[in-house]
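Everything on this sheet refers to the single structure shown next.
The values are calculated or read from the model by the stated rules, or taken from the named source; none is laboratory data. Note that the structure is predicted; figures quoted are calculated from it, not measured. Positions of Cβ are generated from backbone atoms using ideal geometry, with glycine treated the same way; all protein chains shown enter the neighbour counts.
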Amino acid sequence: MAARDIVIERLKPEERFMQFPYDDATGKRVKAPVGNITWLYGCNLETSGSLKLANVVLSAQVDEVEEQLDEFAWYVALDDVRKSVCLDIAFNGGVHGLLHYPRMITALSHQDWATAAAECTVADQRLDESRYAPLRKLLLNGE
């Protein structure tokens with residue numbers, strides 16, 4: 001399975017499908033003060049939220065992140081499972097966010113999976129346990 005497919009299947013339960021626009025800090029639905037929240041080419045988010053559209057957008061977003069990461073030799077050299085971890089971090093924090101893990105990237109480039117896993121952490125303990133602990137296991141085990 002390709003890295004993009006691995007990360008998409010992991011992102012779906014991590015991010016959860018939400019039919020309507022929501023505040024990512026609270027998870028509560030938001031509405032425009034006047035009119036409708038609209039996106040892209042006149043896509044009314046109050047009426048267009050479907051699982052089909054969500055899958056198309058998620059796939060496009062992952063493709064865009066992967067195109068950016070394909071510019072880095074250390075990324076291209078990784079197996080698909082470890083690429084999926086990098087895609088996951090970059091999906092949520094942007095490629096620049098992933099690049100804030102220089103020791104993890106160095107370890108990945110040397111196939112030092114133990115160090116890469118140890119460096120895959122965040123200060124927010126709740127987020128670290130829920131999101132990064134599974135990523136550390138993938139970096140360590142490659143599966």
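Assorted remarks:
- The lone exception for R82 - which of (1) at pLDDT 95 or above; (2) assigned to a loop (DSSP other than H, G, I, E, B); (3) under 20 Å from E9 (Cα atoms) it fails: (2)
- Residues of the stretch 18-36 that are over 15 Å from S48 (Cα atoms) and among the polar types (S, T, N, Q): T26 alone.
- Any hit, the stretch 67-74, residues being surrounded by 13 or more Cβ atoms within 10 Å (Cβ to Cβ), at pLDDT 90 or above and not aromatic (F, W, Y): yes
- Some residue of the stretch 45-62 being within 30 Å of A116 (Cβ to Cβ), basic (K, R) and loosely packed, with under 14 Cβ neighbours inside 10 Å: no
- If the condition is being among the hydroxyl-bearing types (S, T, Y) and in contact (Cβ under 8 Å) with a residue 60 or more places away in the chain, then the stretch 39-98 contributes only S84.
- Output for the stretch 19-60, where each listed residue is more than 24 Å from L87 (Cβ to Cβ) and β-branched (V, I, T): T26, V30, V34, I37, T38, T47
- Residue match in the stretch 24-38 (condition: touching a Lys or Arg at 6+ places or on another chain (Cβ under 8 Å), at pLDDT below 95 and aliphatic (A, V, I, L, M)): yes
- A Cβ distance below 7 Å, combined with a sequence gap of six or more or placement on separate chains, defines the contacts here; from the stretch 9-38, residues that are polar (S, T, N, Q) reach residues that are loosely packed, with under 14 Cβ neighbours inside 10 Å and not in a helix (DSSP H, G or I) in the pairs N36/N44; T38/N44.
- Cβ pairs under 9 Å, 6+ apart, first in the stretch 124-136 and more than 11 Å from I89 (Cβ to Cβ), second hydroxyl-bearing (S, T, Y) and modelled with pLDDT of 90 or more: D128/T121; A133/T121; R136/T121
- Candidates in the stretch 94-140 are the residues that are hydrophobic (A, V, I, L, M, F, W, C) and more than 19 Å from A77 (Cα to Cα); of these, the one that is surrounded by the fewest Cβ atoms within 10 Å (Cβ to Cβ) is A123.
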